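A short write-up of the structure that comes next.
The values are calculated or read from the model by the stated rules, or taken from the named source; none is laboratory data. Note that this is a predicted model, so its numbers are computed, not measured. As a convention, Cβ positions derive from the backbone with ideal geometry for all residues, glycine included, and neighbour counts pool all protein chains shown. Surface areas here come from the heavy atoms of the whole protein model, side chains and all, with no ligands, DNA or RNA. Shrake-Rupley method; radii C 1.70, N 1.55, O 1.52, S 1.80 Å.
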Amino acid sequence: MSNAAGWTDEVWTKIINKVEVMCKSIGSEFPYISCEGKYNREEADWWTNGFWPGLLWLVYRETNEEGLKEAAAQAEAGMDCVLSDYYPLHHDVGFMWSLSSVAQYKLLGSELSKRRAMTAASHLVGRYNAMGQFIRAWNHPERVGWAIIDCMMNLPLLYWASQESGDPRFRHVAAMHANTTLREFLRPDGSSHHIVCFDPETGERREALGGQGYSPDSAWSRGTAWTIYGMALSARYTGDVRYVDAAKRAAHFFLANVPEDGLPPYDFRAPWQEGMGMDSSATACAASGMLELSLLVSECEAALYRSAAEKLLHRLNERYTALDDPNEEAILRMGTANYPRNIHINVPMIYGDFFFVEAICKLRGVRDTFW
Ligand code: GLY
């Protein structure tokens, strides 16, 4: 394995040990937030439920440890009740089934996993609003016309579905949504809105909302990370240079604003407050996105994104990981789910763990992703 960053060997060994311990206590359940050193459990339909099997597959891919495989496969099967129930499904089927079913299909060729992922992709396509050319995010009746920046990370399920089926419809819908995101969410400085509301009948843009960020015109840090990584993935699947440019713009915005220690506030434009929500998951995701971006640009630019990502991950590792702490089940501390609504502030979150580990795999030379 190529290993540009020597320090990652030690981190990787600690990750393997940590995930094996986590697996013994979590098994095939659905962890989301760690509270007082222990991960909670979510219901089967929660949007983050792909991250735990995804994390298990990342480690299994290199260790072939059967227990990790069994837990990941069982967690995936544990979401079948959601897939067949329709009503609890939302646009985050991409997060949920890319990191569980697409992952298992890519690693082990499971036909059942492929069928689950194709079913999820069919649902995601069905959420497309043709007049507004966007994918509907959530199910609340008053949110029929809402789209959110996070959806960029759900699009890889659609690109994958086109590749697997030979049917371009999935890719067409993904690209139309990505184009709408370019036009309606991204600002010239590389920051983005969290939520944009459209008239669901005419498709006209109505307004932007602050969502999990500070205000409609602010810069939710995890939203910037979703933009970097999501645009890079759209570029990888389509070859469209506009997505590469968008990912670069967002990456430069992130790098220009992230504090020296690698831990951003939940929103880059929020006024500072003591005890404010900080978000390590934004940095972990942004770094993994920059490493993806580095595969799409010239050698010279690639070196820039790679070294920026490595520096951020090194800082997170030095200050915000719990890899040596037996009293903390999670890997990455200091994530914030939703500061404006006071939900889960400065705590470990399963997607912070996933993106940190995924990015470390990339630094160690792994190029294939489950996205
Ligand atoms: N997708 C929801 C979040 O990023 O918190």
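Label sites at H252 and N64, each approximated as a point 7 angstrom past Cα along Cα to Cβ, lie 4.6 nm apart. Taking every lysine pair in the chain that is 8 or more places apart or spans two chains, those with Cα atoms closer than 15 Å amount to 6. Cβ-Cβ distance of K38 and A77, R₀ of 25 Å, FRET efficiency by 1/(1 + (r/R0)^6): the value works out to about 0.55. An oblate overall shape is assigned to the stretch 142-291, the ratio a/c of its alpha-carbon gyration tensor axes (a ≥ b ≥ c) being 1.5 or greater and a/b not exceeding b/c.
What the chain shows is 38 Å² of accessible area per residue, with the surface traced by a 1.4 Å probe over protein heavy atoms.
The loop-placed GluC sites (Glu not before Pro) in the stretch 213-312, going by DSSP, that have at most 11 neighbouring Cβ atoms within 10 Å of their Cβ come out as E260, E274.
Given +1 at the Cβ of Lys and Arg, -1 at the Cβ of Asp and Glu and no other charges, the dipole of the stretch 1-101 around its Cα centre is 260 debye to the nearest 20. With no solvent and one point on each alpha carbon, what is the Debye value of log10 I(q)/I(0) for the stretch 212-336 at q = 0.16, 0.20 Å⁻¹? Relative scattering, expressed as log10 I(q)/I(0), comes to -0.76, -1.07.
How much net charge surrounds G6 when only the other residues with a Cβ under 15 Å from the Cβ of G6 are counted, with Lys and Arg +1 and Asp and Glu -1? Walk me through the numbers on the way to the answer.
Working: positive: K14, R306, K311, R364; negative: D9, E10, E310, E318.
Here the count lands on 0.
A Cβ-based charge dipole, computed about the Cα centre of the chain with Lys and Arg at +1 and Asp and Glu at -1, lands at about 760 debye. Over all pairs of different C-alpha atoms in the chain, the reciprocal of the mean inverse distance, the Kirkwood hydrodynamic radius, equals 20.3 Å. Full extension of the chain between A130 and T202 gives 25.0 nm of extra length, using 0.36 nm per residue less the Cα-Cα distance. Take the Cα of E301, step 7 Å toward its Cβ, do the same at S122, and the gap between the two points is 3.9 nm. Are there any chymotrypsin sites (Phe, Trp or Tyr not before Pro) in the stretch 6-57 that are in a DSSP loop and have at most 11 other Cβ atoms within 10 Å? List them by number. When the chymotrypsin sites (Phe, Trp or Tyr not before Pro) of the stretch 6-57 are filtered for loop state and at most 11 Cβ neighbours within 10 Å, nothing remains. Rounded to the nearest 500, the helix-only mean residue ellipticity at 222 nm of the chain stands at -16000 deg cm²/dmol, with each DSSP H run of n ≥ 4 adding -39,500 (n - 2.57).
With no solvent and one equal point scatterer placed on each C-alpha of the stretch 54-159, evaluate the Debye formula and give log10 I(q)/I(0) for q = 0.14, 0.24 Å⁻¹, two decimals. Log10 I(q)/I(0), no solvent term: -0.56, -1.27.
Hey, what did the stretch 233-321 get for relative contact order, percent, Cα under 8 Å, at least 6 apart?
Working: 78 pairs, mean separation 25.1, N = 89.
Reported relative contact order: 28 percent.
Shown here for the stretch 1-92: trypsin sites (Lys or Arg not before Pro) in loop regions (DSSP other than H, G, I, E, B) with at most 13 other Cβ atoms within 10 Å, namely R41.
Each 10 Å bin, from zero up to the one with the longest distance, holds this percent of the alpha carbon pairs of the stretch 180-225: 29, 55, 16, 0.
Considering the stretch 1-120, its Cα convex hull presents a mean projected area of 8.2 nm². Multiplying the residue separation of S215 and S165 by 0.36 nm and subtracting their alpha-carbon distance yields 13.9 nm.
With each label modelled as a point 7 angstrom along the Cα→C-beta vector, the N17-Q273 pair spans 3.9 nm.
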